[in-house]
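Novice: What follows is a structure written as structure tokens; I'll ask about it next.
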Amino acid sequence: MERVRDATIRTLVPEWSWKSLSLPSPEPLPKTYRGEWRGRLHDGDKVVPLILSIGEKKATLQIQDQRPELISGLGLVNGMMTGKAHGDLQVPATRTARAEELSLHLQRRGSKLEGEIGAEAPIPHAKDPEHIPFWTEFSRTDASSAEQ
């Protein structure tokens, strides 16, 4: 599907590359994002507990009882918190696909962070992995820090 899209666009814009639509570099997160956030990732009826910890210099994502994993490239892009992490979401779709590279796309709404955590599933002989999105929501563990 993507090859057809790219070929069609290249008829109008010969220098087209999907990479030409790359997002701007992330801006640093404001201090108001710092702290611990507890969340849930939804996959149908299954709910996976998560902990997102954001500090001044580093941030981690913990999935269920796994060890916390560092989040790289964390920042704001067009008002959306983005970053990359590694981990096993422990849901059938990601286990089958062996998808452990994760991307975060979350938006702050008051004391909540809501959006998507996507798993990147490797596809043999394909240049790009398949993106498997999951609705995710986080709430602050310390309600008093929500207004910072």
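The values are calculated or read from the model by the stated rules, or taken from the named source; none is laboratory data. All of these numbers come straight from a predicted model, not from anything done at the bench. When we count neighbours, we look across all protein chains shown, and the Cβ atoms used for this are built from the backbone with ideal geometry, even at glycine. Note: areas computed on protein heavy atoms with side chains; ligands, DNA, RNA excluded. Shrake-Rupley method; radii C 1.70, N 1.55, O 1.52, S 1.80 Å.
Novice: Tell me whether the stretch 79-98 contains one or more residues that are acidic (Asp, Glu), out of contact with any Cys (no Cβ under 6 Å at 6 or more places or on another chain), surrounded by fewer than 15 Cβ atoms within 10 Å (Cβ to Cβ) and modelled with pLDDT under 95.
Specialist: Just the residues of the stretch 79-98 that are acidic (Asp, Glu), to begin with: 88.
If we keep only those that are out of contact with any Cys (no Cβ under 6 Å at 6 or more places or on another chain) too, we end up with 88.
Next, from what is left, pick out any that are surrounded by fewer than 15 Cβ atoms within 10 Å (Cβ to Cβ): none.
No, the stretch 79-98 contains no residue that is acidic (Asp, Glu), out of contact with any Cys (no Cβ under 6 Å at 6 or more places or on another chain), surrounded by fewer than 15 Cβ atoms within 10 Å (Cβ to Cβ) and modelled with pLDDT under 95.
Novice: Residue by residue through the stretch 131-148, note down the ones that are modelled with pLDDT under 85, open to solvent by 40 Å² or more (accessible area, probe 1.4 Å) and either touching a helix residue (DSSP H, G or I) at 6+ places or on another chain (Cβ under 7 Å) or among the polar types (S, T, N, Q) (or both).
Specialist: 144, 148, listed by residue number.
Novice: Within the stretch 104-122, which residues are farther than 20 Å from residue 140 by Cα and open to solvent by less than 70 Å² (accessible area, probe 1.4 Å)?
Specialist: Taking the stretch 104-122 first, the residues farther than 20 Å from residue 140 by Cα are 118-122.
Answer for the stretch 104-122, where residues must be farther than 20 Å from residue 140 by Cα and open to solvent by less than 70 Å² (accessible area, probe 1.4 Å): 118, 119, 120, 121.
Novice: Among the residues of the stretch 47-74 satisfying the criterion of being of a type in the set (Gly, Ala, Ser) and surrounded by 16 or more Cβ atoms within 10 Å (Cβ to Cβ), which is farthest from residue 141 (Cα to Cα)? Walk me through how you get there before you give the answer.
Specialist: Step one: of the stretch 47-74, the residues of a type in the set (Gly, Ala, Ser) are 53, 55, 59, 72-73.
From the residues that got through so far, the ones that are surrounded by 16 or more Cβ atoms within 10 Å (Cβ to Cβ) too are 53, 59.
Numbers: 53: 10, 59: 15 Å.
In this case the residue turns out to be 59.
Novice: While we're on this one: Looking at the stretch 93-130, which of its residues are without any contact (Cβ under 8 Å) to a residue 12 or more places away in the chain and more than 20 Å from residue 38 (Cβ to Cβ)? Working first, answer last.
Specialist: Going residue by residue through the stretch 93-130, those that are without any contact (Cβ under 8 Å) to a residue 12 or more places away in the chain are 95-96, 109, 123-127.
Within the stretch 93-130, 95, 96, 123, 124, 125, 126, 127 meet the criteria.
Novice: Of all residues in the stretch 33-50, which are closer than 26 Å to residue 92 by Cα and either free of Cβ contacts under 8 Å to residues at least 24 places away in the same chain or not hydrophobic (A, V, I, L, M, F, W, C) (or both)? Before you say what the answer is, go through the steps one by one.
Specialist: As a first pass, look at the stretch 33-50 and keep what is closer than 26 Å to residue 92 by Cα: 37-50.
Across the stretch 33-50, the qualifying residues are 38, 39, 40, 42, 43, 44, 45, 46, 47, 49.
Novice: Across the stretch 12-43, which residue is modelled with the highest pLDDT among those that are farther than 21 Å from residue 129 by Cα, out of contact with any strand residue (DSSP E or B) (no Cβ under 6 Å at 6 or more places or on another chain) and of a type in the set (Ser, Thr, Tyr)?
Specialist: Among residues in the stretch 12-43 that are farther than 21 Å from residue 129 by Cα, out of contact with any strand residue (DSSP E or B) (no Cβ under 6 Å at 6 or more places or on another chain) and of a type in the set (Ser, Thr, Tyr), the one modelled with the highest pLDDT is 32.
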